[in-house]
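J.: Sharing a structure here in structure tokens format.
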Amino acid sequence: MNELLIDRHRIAPAGRTLVIAEIGVNHDGSAQRALELVRRAHEAGADAVKLQIFHATQLLHGSARFADYQQSRTDAADPVEMLLQYELCLEDVATIVASIRALGMIPLATPFSPDDVPVIDQLDLPAVKIASPDIVNLALLRRAARTRPPLLLSTGASTIAEIAQAVQWMSEWQTPIALLHCISSYPVPDVDAQLSWIGELSARFALPVGYSDHSTDLDAGAFAVMAGACIVEKHLTYDRNATGPDHSASADPQQFARYVASIRRAERLRGSGSRHVLACEQDVRTVSRQSLVLRRAIEAGQAITLDDLTVQRPGTGIPAAQEARVIGRSARSALPAGTMLDWSMLADAA
């Protein structure tokens with residue numbers, strides 16, 4: 001499976017999960033509120049903070065309409081008017097990115113049009129996040145892949161064929177990527193979370209896979225890690241009851257801190273590496289494994305039969321699983337009943 005390096009963070013299965021606090025438009029168009037959310041993300045333990053770079057009039061055609069979930073969460077007359085409220089100027093975005101870096105976190109951003117990509121390049125961000133709707137946006141993907149790799153591709157509302165096409169494009173462009181399992185619903189009910197799809201994406205495409213979480217379950221990120229996610233992205237807000245499209249599907253600072261703590265605990269429970277006997281198991285392994293013991297006395301030179309043997313704990317003698325290697329061998333000296341056999345007691349096999 002491919003690995004990614006985003007800034008100083010290595011993205012790999014069973015490695016430390018990259019936890020991204022998605023500010024998105026939850027700053028409500030205020031740079032100061034965005035800076036406060038950056039501080040809260042740091043306090044909660046996030047590794048990275050993600051912004052959105054867009055120009056409403058460039059992104060949306062005049063015929064654009066609200067998604068159902070947006071309609072009930074805005075006072076704007078139309079989608080363009082709504083997004084205009086959330087645009088940040090380049091100067092403000094640069095200030096926010098500097099704050100993210102100053103706090104030791106990784107700054108990331110999502111562009112929504114090809115012309116937004118140079119802004120990300122100008123800010124020298126270490127990776128680009130592509131939103132779910134744009135996994136089929138060839139122009140944007142091509143611009144981002146050639147300008148600022150690696151890419152994190154969200155897969156919400158996408159078919160396997162559409163995901164495969166995007167992966168193929170990236171392969172042709174030799175662009176390192178990770179896929180993020182995502183359900184494009186705000187919020188996502190538990191029954192639709194489909195965390196098992198993380199494993200499906202990983203097995204099918206042999207790529208690092210993460211989870212862009214729109215649920216309200218504070219353990220969903222931890223469950224995603226258990227399912228194989230090596231990146232988890234979650235919206236952060238100052239108030240889940242605030243007016244705006246994403247607040248209600250976000251976590252407030254206290255919830256986000258619990259969310260991150262749950263992910264870190266999941267990492268500990270998940271472990272790493274291939275299966276082996278752990279140091280904490282050695283004592284129990286020794287005292288509870290089984291050894292071959294003589295059921296009755298054996299004379300010197302007498303061949304041992306299956307009927308001469310029984311099995312008892314601890315596992316400090318010849319292992320019970322080795323009985324086939326013991327049967328037919330002769331005793332070097334007389335051995336009383338109850339003797340736990342050791343290889344030194346037996347003659348070499350003929």
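The values are calculated or read from the model by the stated rules, or taken from the named source; none is laboratory data. Small disclaimer: the values here were computed from a predicted structure and weren't measured. No Cβ is skipped: glycine too gets one built from the backbone with ideal geometry, and neighbour counts run over all protein chains shown. Each accessible area value is taken on the protein alone, full model and side chains, heavy atoms only, with ligands, DNA and RNA left out. Shrake-Rupley method; radii C 1.70, N 1.55, O 1.52, S 1.80 Å.
J.: Looking at this structure, is T159 farther than 21 Å from G15 by Cα and either touching a Phe, Trp or Tyr at 6+ places or on another chain (Cβ under 9 Å) or open to solvent by less than 20 Å² (accessible area, probe 1.4 Å) (or both)?
T.: Taking the combined requirement at face value, the residue does not satisfy it.
J.: Pick from S262, S274, S330, S288: which is of a type outside the set (V, I, T) and open to solvent by 80 Å² or more (accessible area, probe 1.4 Å)?
T.: Working: S262 fails: open to solvent by 80 Å² or more (accessible area, probe 1.4 Å); S330 fails: open to solvent by 80 Å² or more (accessible area, probe 1.4 Å); S288 fails: open to solvent by 80 Å² or more (accessible area, probe 1.4 Å).
Going through S262, S274, S330, S288 in turn, just one is of a type outside the set (V, I, T) and open to solvent by 80 Å² or more (accessible area, probe 1.4 Å): S274.
J.: Filter the stretch 111-139 down to residues that are closer than 14 Å to H55 by Cβ, among the β-branched types (V, I, T) and touching a Ser or Thr at 6+ places or on another chain (Cβ under 9 Å) and give me whichever is surrounded by the most Cβ atoms within 10 Å (Cβ to Cβ). Step through it out loud before you land on a result.
T.: If we filter the stretch 111-139 for residues that are closer than 14 Å to H55 by Cβ, which is where we start, we get 111-120.
Add one more test, that the residue is among the β-branched types (V, I, T), and what stays is 117, 119-120.
Checking which are touching a Ser or Thr at 6+ places or on another chain (Cβ under 9 Å) leaves us with 117, 120.
Values: V117: 22, I120: 25.
Applying the filter and picking the extreme gives I120.
J.: May I pose another question? When you check R16 against the structure, is it basic (K, R) and not in a helix (DSSP H, G or I), yes or no?
T.: In short, yes.
J.: Whether any residue in the stretch 278-285 is part of a loop (DSSP other than H, G, I, E, B), on the phi < 0 side of the Ramachandran plot and of a type outside the set (S, T, Y) is what I want to check.
T.: Checked against the condition, which is being part of a loop (DSSP other than H, G, I, E, B), on the phi < 0 side of the Ramachandran plot and of a type outside the set (S, T, Y), the stretch 278-285 yields at least one hit.
J.: Just for the stretch 162-214: of the residues that are under 20 Å from H235 (Cβ atoms) and of a type in the set (D, E), which one is surrounded by the most Cβ atoms within 10 Å (Cβ to Cβ)?
T.: D213
J.: Would you please name the residue that is surrounded by the most Cβ atoms within 10 Å (Cβ to Cβ), looking only at residues in the stretch 19-38 that are polar (S, T, N, Q) and part of a loop (DSSP other than H, G, I, E, B)?
T.: N26
J.: Name the residues in the stretch 1-13 that are open to solvent by less than 70 Å² (accessible area, probe 1.4 Å), among the aliphatic types (A, V, I, L, M) and in a strand (DSSP E or B), would you?
T.: L4, I6, I11
J.: Now for a separate question. Any residue in the stretch 39-63 that's of a type outside the set (A, V, I, L, M, F, W, C) and part of a helix (DSSP H, G or I): show its pairings with residues that are open to solvent by 10 Å² or more (accessible area, probe 1.4 Å) and modelled with pLDDT under 80 at Cβ separation under 9 Å, as long as the two are six or more apart or on different chains.
T.: From residues that are of a type outside the set (A, V, I, L, M, F, W, C) and part of a helix (DSSP H, G or I), the pairs are T57/V80; T57/L83.
J.: With out of contact with any His (no Cβ under 8 Å at 6 or more places or on another chain) and in contact (Cβ under 8 Å) with a residue 60 or more places away in the chain as the only criterion, which of G315, G273 stands out?
T.: Sole residue among the options that is out of contact with any His (no Cβ under 8 Å at 6 or more places or on another chain) and in contact (Cβ under 8 Å) with a residue 60 or more places away in the chain: G273.
J.: Let me spell it out: the conditions are (1) within 25 Å of D252 (Cα to Cα); (2) surrounded by fewer than 20 Cβ atoms within 10 Å (Cβ to Cβ); (3) in contact with a Pro (Cβ under 8 Å, 6 or more places away or on another chain), and L236 meets all of them except one. Which number is the exception?
T.: With (1) within 25 Å of D252 (Cα to Cα); (2) surrounded by fewer than 20 Cβ atoms within 10 Å (Cβ to Cβ); (3) in contact with a Pro (Cβ under 8 Å, 6 or more places away or on another chain) applied to L236, the lone miss is (2).
J.: In the stretch 318-340, how many residues are part of a loop (DSSP other than H, G, I, E, B) and over 22 Å from Q282 (Cβ atoms)?
T.: Going residue by residue through the stretch 318-340, those that are part of a loop (DSSP other than H, G, I, E, B) are 318, 327-329, 332-334, 336-339.
Filter once more, so that each one left must be over 22 Å from Q282 (Cβ atoms): 327-329, 332-334, 336-339.
Number satisfying all stated conditions: 10.
J.: Please list, ordered by first then second residue, the pairs with beta carbon atoms under 8 Å, 6 or more apart or interchain, first in the stretch 189-215 and closer than 17 Å to M226 by Cα, second among the small types (G, A, S) and at pLDDT below 95.
T.: Listed pairs, sorted by first residue: P208/A12; S215/A249.
J.: For the stretch 295-317, which residues satisfy the criterion of being in contact with a Lys or Arg (Cβ under 8 Å, 6 or more places away or on another chain) and either open to solvent by less than 70 Å² (accessible area, probe 1.4 Å) or in a loop (DSSP other than H, G, I, E, B) (or both)?
T.: The answer is A300, A303, I304, D308, L309, T310, R313, P314, G315.
J.: Pick out the one residue from E267, E323 that is acidic (D, E) and under 30 Å from H214 (Cβ atoms). Let's see the steps before the verdict.
T.: On the way: E323 fails: under 30 Å from H214 (Cβ atoms).
Just one listed residue meets the conditions, E267.
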